[in-house]
Structures are given as C-alpha cells and as structure tokens.
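Here is the structure we will look at, set down as structure tokens.
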Amino acid sequence: MLQLKNRDCLDVKNCTVIIPSICVGNAAQLACDLLIASKKMKRVGSLMHPALIPVFGPSAYQHEPDERVAACEIYECANNKLIVIQFRTPLISRHAQSLHNYLAELVQQAQRVVILGASFGFEKREIGTSPYEYCVSDAFRKSHEAQLANVQWMEFKGEIIFGGGNGLQLFRLLQEKQVPVMLLFRYVLEGDNSTDATLIVRELNDLCSTFLQLETGDNAIKLTVPVSWKLLFGNEVTAFIF
C-alpha cells in the first residue's frame, strides 16, 4: 500500500525513477542515500507491502531532521523530475514477485527507470575491463543511444548476477512491460562499500547528467554524506575491552 504526503497519487510521467536492488554490500542502497542527501530530495511517501520487513527509525538525512524512515520510502526532486524509491530492509522472498508487480504498475508511465545494483567482485572474469556492467531495454537504448555508445561498460549477457539480489528480476519484468529501463551494476567486495556507492553515483551521472545534474559547470554540487552513515558499522570499540 502506498502512503503519500499531501497528495492523492504519485505522478511519474516525464520522471526518471531510480530503484536500488537489495544487493551485495548494500552498495545500490548506499548510492541512493548519497543521491537523496546530495540533491536534498523530499520524502513524499512510503510503501508498505508483505515483502518488506517493517522498520521505523529517525531521519537518515540532515536536510530532513524531523522525518522518520520506514522499510521503503519515496523521495522526489521536483526540479529535476527525479524520483528515488529507497529500500532499507531485505525482501521476504515468497512475496518478492508480488512487490515487483506492484512496482511495475507504479512506474509504468515513467520516462525512464534506472535500477542500481552490485555483484561479487570475485565473479568478474575479465581483468582490466570496466568494473561496471549494464543491460538495457530496447526503449532505453533508443533514447540514450549516443550516451551508451561512449561508455566503457560491458553489456551483461548472462542469466544470473551473483550477489545482485532482485535487480535482474525487476529489470526483466519492466522490460516485458515495455518500460524504458536500465540495470547498472558494479563489481564490489563485502565491507565498507561507501566508496563504491560514490563511484556508482558519479558513473551514472556521467551517463545521465541531464536529470542527475550533480556536475553542471558552475552549478555543480558536491556529494553529501548522509548523517546516518556516521554509525554505518556501529559504535567504535570501547578501549575497556583491552
């Protein structure tokens, strides 16, 4: 069920929707955290579904200190027609397909959908090539043909993205529904993946700066680290144990 603030429906027409997959290192979710904090995106609603483990907590971002976080939240930057659907819990597998169907209906009218993800670094077989791989629908390829021609990424042709979570399944569903969609993932290692998140956002911005607008000459903005990252790995070890 979709719960929105001060509006009756979520209008995604002419918007870019970014969705993180629940992947290794939470790299995609961290990338969305950076994007939301850097663009000072506004929380416009939340999503409740049987596939989502309920959570509730304080605000994750310093620009909205009075907000609260839930398992799935929707953020918007109206100026750039940008919407981010952020997940904060793993999915309950038996309900995941139902959630994917709901998301497909939600973003059906979007101008484009970008799914971010990651894969285990030890699964990368070709040393010396780009750490990024992607797959796109025909509709997305047609509208971004010039940009895609200049990227150094390899196009993913496999059947499974190991460690990629639900990203490929959601991509294929949106592709079937003829939604312009791209899945972009990076090979990462478990641990502190904040650097990977930064690199994912910057790589995506190089392709689609027209809607991310993180680097636009004199109006460029720096990536802002969310306040919630201060305790990303818990409190520091107390000296009393030594």
Quiz prompt | Table column - 3J(HN,Hα) (Hz), segment 98-112, Karplus curve with 6.51, -1.76, 1.60, x for Gly and Pro | solution = 5, 5, 4, 4, 5, 5, 4, 5, 5, 9, 3, 9, 5, 5, 7
Quiz item: Percent relative contact order of the chain, based on C-alpha pairs within less than 8 angstrom and at least six residues apart?
Solution: 27 percent
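Determine, for each peptide in 14-20, 99-105, 193-199, the mean count of other beta carbons within 10 angstrom over its residues, then list the peptides with the highest first.
Per-residue Cβ counts within 10 Å, averaged per peptide and sorted highest first, yield 14-20, 193-199, 99-105.
Assuming R0 = 35 Å, what is the FRET efficiency of Gln147 and Phe56, from their Cβ-Cβ distance, to the nearest 0.05?
My answer for the efficiency is 0.35.
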Quiz item: Which trypsin sites (Lys or Arg not before Pro) does segment 3-97 hold that lie in a coil by DSSP with at most 10 other beta carbons within 10 Å?
Solution: Arg7
Exercise. Name the residues whose placed amide hydrogens come within less than 5 Å of the amide hydrogen of Ala118, ignoring near sequence neighbours (fewer than 5 apart) on the same chain.
Key: Val24, Arg186
Quiz item: How large is the convex hull of the Cα atoms of segment 36-189 per residue, expressed in Å³ as a whole number?
Solution: 141 Å³
Exercise. Would you mind calculating the gained length between Phe162 and Asn80 on full extension (0.36 nm times residue separation, minus the Cα-Cα distance), in nm to one decimal?
Key: 26.2 nm
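Helix-only mean residue ellipticity at 222 nm, the chain, DSSP H runs n ≥ 4 weighted -39,500 (n - 2.57), per residue, nearest 500. What is it?
-7500 deg cm²/dmol
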Quiz item: Over 24 Å between Cα atoms, which of Lys13/Lys230; Lys13/Lys142; Lys124/Lys230; Lys124/Lys222; Lys13/Lys42 qualify?
Solution: Lys13/Lys230; Lys124/Lys230; Lys124/Lys222
Exercise. Count neighbours as other Cβ atoms within 10 Å of each site's Cβ, and list the chymotrypsin sites (Phe, Trp or Tyr not before Pro) in segment 116-186 that are DSSP loop with at most 12 such neighbours.
Key: Phe162
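We did not get these values from a lab; they are worked out from the coordinates using the rules stated. If you're wondering where the values come from, they're calculated on a predicted model, not measured in any experiment. Cβ coordinates were reconstructed from backbone atoms using ideal geometry, including for glycine residues, and neighbour counts include every protein chain displayed.
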